[in-house]
Amino acid sequence: MKKFLTWFAIITILAAGIFSAVTMAGFPRTYEGQNASVSVYELQQDPSSYDDSSVDGAAGAIVQQNLEKTHAVNDVTSIVFDFRGYDTMGEAFILITAVAGTIVILASGKKKEEKTADEEVKS
């Protein structure tokens, strides 16, 4: 029963993730620039034409530099995966190592308890 629930939970989470990704892929892009007169396509084709001298100067510089250097439409994605890619891989490696270590420690403790219980029954 425990294995069934584990597999059911994993399959449910994967199905929900795939459904969400497919659904979100069909949504239109929401970024329209500083105002509605900015064409996202033109901004992507020629980032140097973006006017970053207005109130959102820092945001404009980020958009301009990210598009010039990474050609990624989503600035957060470009920062996480292009500029901080090794950092993100390192964090993922540490997380996976910690989870694997925890599983090994808990599994070895359970085996020791079973051996002790078997020895007591034989005595």
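When region 65-109 is limited to residues that are surrounded by 11 or more Cβ atoms within 10 Å (Cβ to Cβ) and hydroxyl-bearing (Ser, Thr, Tyr), the one that is farthest from TYR41 (Cα to Cα) turns out to be THR88. Of all residues in region 13-40, those satisfying the criterion of being surrounded by 10 or more Cβ atoms within 10 Å (Cβ to Cβ) and either at pLDDT below 65 or over 19 Å from the mean Cα position of the chain (by Cα) (or both) are TYR31, GLU32, GLY33, GLN34, VAL38, SER39, VAL40.
The values are calculated or read from the model by the stated rules, or taken from the named source; none is laboratory data. In this text, all values refer to a predicted model and were calculated from it rather than measured experimentally. Don't worry about glycine lacking a Cβ; one is built from the backbone with ideal geometry, like all the others, and counts go over all protein chains shown.
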